[in-house]
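Visitor: Sending over a structure as structure tokens; questions will come in a sec.
The values are calculated or read from the model by the stated rules, or taken from the named source; none is laboratory data. Because the structure is predicted, anything quoted here is derived from the model rather than measured. Cβ coordinates were reconstructed from backbone atoms using ideal geometry, including for glycine residues, and neighbour counts include every protein chain displayed.
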Amino acid sequence: MSTLIKYTANGATEIENAFVFVVDDEAVPQGADIIVSLSRIKADGEALLASGVRVGVQIEPAEAVEDLAELLPRLALVAVAFPKFRDGRAYTSATLLRQRLGFNGEVRAVGDVLREQAYVMTRCGIDAFVPADGSSAAEWSRAAGHFRHVYQAAADGRTPAFSEPGRR
Amino acid sequence: MYRYDAIDKEFLSDRSNEFRHQVSRRLAGELSEDQFKPLRLMNGLYLQLHAYMLRVCIPYGTLNVAQVRRLAWIARTYDKGYGHFTTRQNIQFHWIKLRDAPDILDALAEVDLHAIQTSGNCIRNTTSDPRAGATAEEIDDPRVWSEAIRQWSTLHPEFSYLPRKFKIAVTASAKDRTAARVHDIGLALRRGRDGTLGFEVMVGGGMGRTPFIGQTIKEFLPATRLLSYLEAVLRVYNRAGRRDNIYKARIKILVSSLGAEEFGRQVQEEWAQIDAARADLPDTELARIRAAFIQPGLEVLPAVSDSYEAARAANRALGRFVRNNVSAHKTPGYAIVDVSLKAHDATPGDANFDQLEAIADLAERFSLGDIRVTHEQNLVLPHVKQSDLPALFEGLAAVGLATPNINLVSDIIACPGLDYCALANARAIPVAQSIAQRFVDADRAELVGELKIKISGCINACGHHHVGHIGILGVDKKGEEYYQLTLGGSGAEDASIGKILGPGLNADQVAPAVDRLVEVYLAERQGEERFLDTYRRIGMTPFKEAVYVDAH
């Protein structure tokens, strides 16, 4: 199983990834926690969610995360896909999940997930990562926490510079 | 002038450390060039023909004395002795070694400068009026809003990997000195009927291979709602902008394909869902920023300085300089001085370290320590006492910076072209120089009046040729450099895209062709018409006939 980095206010830790991504035309494995596509959850959502395992959905860059709105309370996680690290659409998906749709579950970055983007990912409310560059939790944590200050309010809830008590 | 506090300084220091770490990982082979490229670009580092180029951000074109001195030091220490001011109010150093880049960024950070987001597919430096805070024409100080945008856009987590680069301009006067209508977003400050402050929002302007003039999607955006509205525009673009073809990835293509009305509707719909309390800047922060731009040190002076009037009457050269390079200040007894970086034998926009040192000294003595950069690649000393103008003129002349040609035919915008740039098809600098040489007679240049020539060495249009009154585009035709002329462009408040004059010319034919275009204008012009006005009245034909007369 692949490494998963979980990022919280207390830092990053490596844990086992319990979820299996199920390709659309494959059968769902018995008893495993699964991640499926948006189209699959739309088609088979009720059956999958009633099966007793934890269910997550993977959102591709071109897909509208708003389509998940009604299902979100029943999902264990939402995976936002980065087919290439340069494709920044998942940052909007993650931001909307947190700020507009009020999702408090795990938002996981999958695909071309590199330490150099750790900072912007965590700021957009992504709190779990399947790194493609072999990053350790410590390396990830250092990259994500590099800046002592931030200039704008974002999904991570950090206090922006303009609200810091020391602002002059 | 906005002063960085401990928070801003710690941010720059963190950024510099982060990049030093990334460079060491790249040099150790832990990052591929593909992975490193966007990181170095977002720190202003390009790989060019001969070396790395470092583009240093000059936020909305505003510099202080210590910053100019530091730029001079960098030019001398790490470059071949000069820097190149760009059409986006930044400065570039063309001879940088990758291993020096982290040290240079540290040296910049010590004087509150950086290279953050001067390249890459992110929100770039905000363009603003180089006369901000000095001209009586402005509705409000555009630097206040530009600084708010600088902070908001700096390492914006959602908008750091956009489909393509993104440029915002803020203009506050009827006379647009920012080229707002050829920016991704142009913001024009307006007063509402009730006296409140707002912005006209124009989107989708741009140059490159498919030029567009920006279209208004909001006539009056309340100024305090600026950041939430920008968030809405950027979010619609980040989601819907094309990512399959970099030549179709700018917002102008999205706006053009949807139509401005539909794009505006989508923005409005998105904007309505944004929590204003989170997204808009609190009034207290706006007030803090505004207070930073209150100009101290302006004295109460008589509106006219007798010593200055006597000096300009006695000294023809000073008189000419004043006619062309000096404008009214909002405060009686003061003037705004444009400093041309377009001497006839110089590279447009270049300044060597002696000149940069001199500018810093002169600004310290005569301009309350304030220096501005224009998008037309010149400098401005915005707060000069009229009585100091003769001494300032002598000081500028001593280092070759008193060229009296602002807005005249030799005040040419040119990109670095094939002399430096890996993308260029043709040289731009020698063509600019050949035109300037042809109009070296200052009386004739003044007779011709305002004439904006803009030269790009390739279709990417960094030299803004589309919006030149006369635009010149270098193209490669079977291994030879050719130049395509366009007429009738403008990047100002009367923005328009130039139209092609006719078949391409070789390098030697360009300056004579410009000469002929000017002769037609001088013969045809009526009253106070500029070249552009005459062209718009009489059309292309007389100009075309004059240039291609030998071809018949």
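Visitor: Of all residues in segment B:235-275, count the ones that are surrounded by fewer than 19 Cβ atoms within 10 Å (Cβ to Cβ), of a type in the set (D, E, K, R) and more than 20 Å from A:Arg100 (Cβ to Cβ).
Guide: 5
Table: residues versus (1) surrounded by fewer than 18 Cβ atoms within 10 Å (Cβ to Cβ); (2) more than 15 Å from B:Val409 (Cα to Cα); (3) not aliphatic (A, V, I, L, M).
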{"residue": "B:Asp476", "(1), (2), (3)": "yes, yes, yes"}
{"residue": "B:Val514", "(1), (2), (3)": "no, no, no"}
{"residue": "B:Leu517", "(1), (2), (3)": "no, no, no"}
{"residue": "B:Leu522", "(1), (2), (3)": "yes, no, no"}
{"residue": "B:Arg536", "(1), (2), (3)": "yes, yes, yes"}
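Visitor: Just to be sure I understand, how many residues within segment B:2-12 are hydroxyl-bearing (Ser, Thr, Tyr) and either without any contact (Cβ under 8 Å) to a residue 60 or more places away in the chain or within 9 Å of another protein chain (Cβ to nearest Cβ) (or both)?
Guide: Residues flagged as hydroxyl-bearing (Ser, Thr, Tyr) and either without any contact (Cβ under 8 Å) to a residue 60 or more places away in the chain or within 9 Å of another protein chain (Cβ to nearest Cβ) (or both) within segment B:2-12 amount to 0.
Visitor: Within segment B:212-254, can you find the residues that are polar (S, T, N, Q) and assigned to a helix (DSSP H, G or I)?
Guide: B:Thr224, B:Ser228, B:Asn238
Visitor: Here's a follow-up. Please enumerate the residues belonging to segment A:96-123 that are more than 21 Å from B:Glu269 (Cα to Cα), of a type outside the set (Asp, Glu), within 12 Å of chain B (Cβ to nearest Cβ) and not in a loop (DSSP other than H, G, I, E, B).
Guide: Within segment A:96-123, A:Arg115, A:Gln117, A:Ala118, A:Tyr119, A:Val120, A:Met121, A:Thr122, A:Arg123 qualify.
Visitor: Of everything in segment B:14-35, what is among the polar types (S, T, N, Q), modelled with pLDDT of 90 or more and surrounded by 17 or more Cβ atoms within 10 Å (Cβ to Cβ)? Give them in sequence order.
Guide: Hits for segment B:14-35 are B:Ser16, B:Gln22.
Visitor: Among the residues of segment A:54-90, which ones are among the basic types (Lys, Arg), within 12 Å of chain B (Cβ to nearest Cβ) and assigned to a loop (DSSP other than H, G, I, E, B)? Spell out the reasoning first.
Guide: Let us first name the residues in segment A:54-90 that are among the basic types (Lys, Arg), namely A:54, A:74, A:84, A:86, A:89.
With within 12 Å of chain B (Cβ to nearest Cβ) added as a condition, the list becomes A:84, A:86, A:89.
Within segment A:54-90, A:Lys84, A:Arg86 qualify.
Visitor: Could you tell me which of the residues A:Ser93, A:Ser51 is away from chain B (no Cβ under 14 Å) and without any contact (Cβ under 8 Å) to a residue 60 or more places away in the chain? First the steps, then the outcome.
Guide: Numbers: A:Ser93 fails: away from chain B (no Cβ under 14 Å).
Just a single option satisfies the conditions, and that option is A:Ser51.
Visitor: I'd like to check something: does segment B:451-462 contain any residue that is aliphatic (A, V, I, L, M), modelled with pLDDT of 95 or more, farther than 22 Å from B:Gly83 by Cα and surrounded by fewer than 24 Cβ atoms within 10 Å (Cβ to Cβ)?
Guide: Yes: one or more hits.
Visitor: Here is a check on your reading of the model: is B:Ala66 over 20 Å from B:Glu364 (Cα atoms), more than 14 Å from chain A (Cβ to nearest Cβ) and modelled with pLDDT of 95 or more?
Guide: No; evaluated as a whole, the condition is false for this residue.
Visitor: Testing B:Arg124 on (1) at pLDDT below 95; (2) among the charged types (D, E, K, R); (3) closer than 22 Å to B:Leu379 by Cα, one condition comes back false. Which one is that?
Guide: All conditions are met except number (1).
Visitor: Restricting to segment B:149-184, name every residue that is over 23 Å from B:His114 (Cα atoms) and of a type in the set (A, V, I, L, M, F, W, C).
Guide: Answer for segment B:149-184, where residues must be over 23 Å from B:His114 (Cα atoms) and of a type in the set (A, V, I, L, M, F, W, C): B:Ala172, B:Ala174, B:Ala179, B:Ala180, B:Val182.
Visitor: Looking only at segment A:134-154, how many residues end up being part of a loop (DSSP other than H, G, I, E, B) and either of a type in the set (Val, Ile, Thr) or at the interface with chain B (Cβ under 8 Å from one of its Cβ atoms) (or both)?
Guide: Qualifying residue count for the region: 8.
Visitor: Assess whether B:Arg150 counts as being within 11 Å of chain A (Cβ to nearest Cβ) and in a helix (DSSP H, G or I). Break it down stepwise before answering.
Guide: Details: within 11 Å of chain A (Cβ to nearest Cβ): yes; in a helix (DSSP H, G or I): yes.
Yes.
Visitor: I want to confirm something. Restricting to segment B:359-383 and keeping residues that are of a type in the set (A, V, I, L, M) and under 22 Å from the mean Cα position of the chain (by Cα), which single residue is nearest to B:Thr126 (Cα to Cα)?
Guide: B:Val373
Visitor: Name every residue in segment B:153-188 that is of a type in the set (Ser, Thr, Tyr) and more than 14 Å from chain A (Cβ to nearest Cβ), in order of residue number.
Guide: If the condition is that a residue be of a type in the set (Ser, Thr, Tyr) and more than 14 Å from chain A (Cβ to nearest Cβ), then B:Thr171, B:Ser173, B:Thr178 are the ones that fit.
Visitor: Right, B:Ser228: hydroxyl-bearing (Ser, Thr, Tyr) and either surrounded by 21 or more Cβ atoms within 10 Å (Cβ to Cβ) or more than 30 Å from B:Tyr334 (Cβ to Cβ) (or both) or not?
Guide: Details: hydroxyl-bearing (Ser, Thr, Tyr): yes; either surrounded by 21 or more Cβ atoms within 10 Å (Cβ to Cβ) or more than 30 Å from B:Tyr334 (Cβ to Cβ) (or both): yes.
Here the answer is yes, as B:Ser228 does meet what is asked.
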